[in-house]
1. Which one is nearest to PRO11 (Cα to Cα) among residues in the stretch 32-84 that are in contact with a strand residue (DSSP E or B) (Cβ under 8 Å, 6 or more places away or on another chain), of a type outside the set (Gly, Ala, Ser) and exposed (fewer than 13 other Cβ atoms within 10 Å of the Cβ)?
Amino acid sequence: LAEHYKHHWFPEKPFKGSGYRCIRINHKMDPIISKAASQIGLSVLQLYQLLPSELTLWVDPYEVSYRIGEDGSICVLYEATAAKPVSSYGMLTCKNQMMLGRTSPSKNYIMTVS
């Protein structure tokens, strides 16, 4: 991911490039996940067995969050202790746009990582 995001990573503006860094599995495996999995010896079939059929992952400086399903709750997987720059507050991110566009209430899901 570091190599893939090399020219799309802006810690001083964490939401810049967020659409590029949004990873989606929507009954079709995201190519960046397939590539990473093959590098560690996992097949696409194994990925489909391990991951939900609908998963959205937002990878931003200072925060990684995810949503399982189209109407699932958005959960923070990782949050850095570094303060976010003031200029980033109030910006409409890929994740925030998805939250604003909700038409139904959130459903709770639990994701486990082994």
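FYI, it's all coordinate maths here, none of it is from the lab. On a predicted model such as this, the values are computed, not experimentally measured, just so you know. Cβ coordinates were reconstructed from backbone atoms using ideal geometry, including for glycine residues, and neighbour counts include every protein chain displayed.
1. It comes out as GLU79.
One line per residue, one yes/no per condition, for (1) closer than 22 Å to TYR78 by Cα; (2) in a helix (DSSP H, G or I):
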| site | (1), (2) |
| --- | --- |
| SER18 | yes, no |
| ALA36 | yes, yes |
| LEU42 | no, no |
| GLN46 | no, yes |
| GLN49 | no, yes |
| PRO52 | yes, no |
| TRP58 | yes, no |
